[in-house]
Every structure is written in structure tokens, then in C-alpha cells.
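The next block holds one structure in the form of C-alpha cells; read it before the comments.
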Amino acid sequence: MNISKYIGKQLIFVEAGKMCLATLIQAEYGTDSFSAVFSASKSPSLSCNLQRIRYADEDAVSSWSESAIFGEHWEVLVKTSEFDYEQDYWQASFLWGGGFRIFLAQKFVERFISHDVSWLEEFFNQDDESEE
């Protein structure tokens, strides 16, 4: 797995209903674990809170902010068995629930910067469409 090509790139980090524009500072994928260090983007600095429950006509975002909701820097460390790696999408899922997602596709980053998160539904609905 060549994750080093993503170091220094802007991405979207998602955890617990919060999304933040970030940069991957350091990452390592070994036989037992995945670890990474992220830095909140400064230009632009952008984060949002997603609605936990919403109706069809409601916006997916409850609030936008320029604050670093995960802090200026944060680290993750997960077992490789809890980590799923795709080309432009990484995910950690824990048996007891929770986890985080990382979106690396620049088309999603650009839309997020424009305060557009409709791509989330497009991304997750593509699995439903392929099953039909």
C-alpha cells in the first residue's frame, strides 16, 4: 500500500458527525496497524457539523465553522483489521461502533470547500445502485 503519495495533500476527515478540511502530515501502514497524523487546513480553514437526524428537505449540515474541530493536529492509530483502504477513501470501523472516514478525492475536497456535502449521499448511494 502506497499511502505516502497522500502526504501533504488536502483531504476531508470525518468522525462522529463532524467534518474537517485537513492535510495528511504523516502515515504508516504496517502488518499490525495504521497510524497517521493530520493537521487542520489553514487556507481555507473549514469544518462542519452534520445533522444527526434530518428530513428529506433539510440541509445535511447543521453548522459551518472556520474552527479546527479536531484541534490543530491529531493522530489516529487503528489495527489493520479495523482499517479499510480504497483508492480515494479510507475508513476505520470498530467492533464496538464508531470510527472515522477520510476522503482523498480532490473533487470532494473542492465541493466541501464550496460548502457542498451532497457528494456524501452520491458516494454512499453508488453502492446501493450497483447492487440493483
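Data table
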| item | result |
| --- | --- |
| Extreme residue, farthest from residue 22 (Cα to Cα), among residues of the range 42-53 that are small (Gly, Ala, Ser) and open to solvent by 10 Å² or more (accessible area, probe 1.4 Å) | 43 |
| Whichever residue in the range 1-46 is closer than 23 Å to residue 111 by Cβ and polar (S, T, N, Q) and, among such residues, is modelled with the lowest pLDDT | 43 |
| Residue in the range 53-71 that is touching a residue at least 40 places away in the same chain (Cβ under 8 Å) and touching a His at 6+ places or on another chain (Cβ under 7 Å) present | yes |
| Close pairs from the range 26-49: first of a type in the set (Asp, Glu), partner open to solvent by 20 Å² or more (accessible area, probe 1.4 Å) and in a strand (DSSP E or B), Cβ under 9 Å, at least 6 apart | 28/35; 32/79 |
| Enumeration of residues in the range 82-123 that are open to solvent by 70 Å² or more (accessible area, probe 1.4 Å), at pLDDT below 90 and assigned to a helix (DSSP H, G or I) | 121, 122 |
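Okay, residues lined up against (1) over 18 Å from residue 86 (Cα atoms); (2) not charged (D, E, K, R):
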position	(1), (2)
2	no, yes
5	no, no
9	no, no
19	yes, yes
25	yes, yes
29	no, yes
33	no, yes
36	no, yes
40	yes, yes
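The values are calculated or read from the model by the stated rules, or taken from the named source; none is laboratory data. These numbers were taken from a predicted model, which means no experiment stands behind them. Reconstructed Cβ throughout: ideal geometry from the backbone, glycine too, with neighbour counts over all protein chains shown. Heads up: the accessible areas ignore ligands, DNA and RNA and are worked out on the full protein's heavy atoms, side chains in. Shrake-Rupley method; radii C 1.70, N 1.55, O 1.52, S 1.80 Å.
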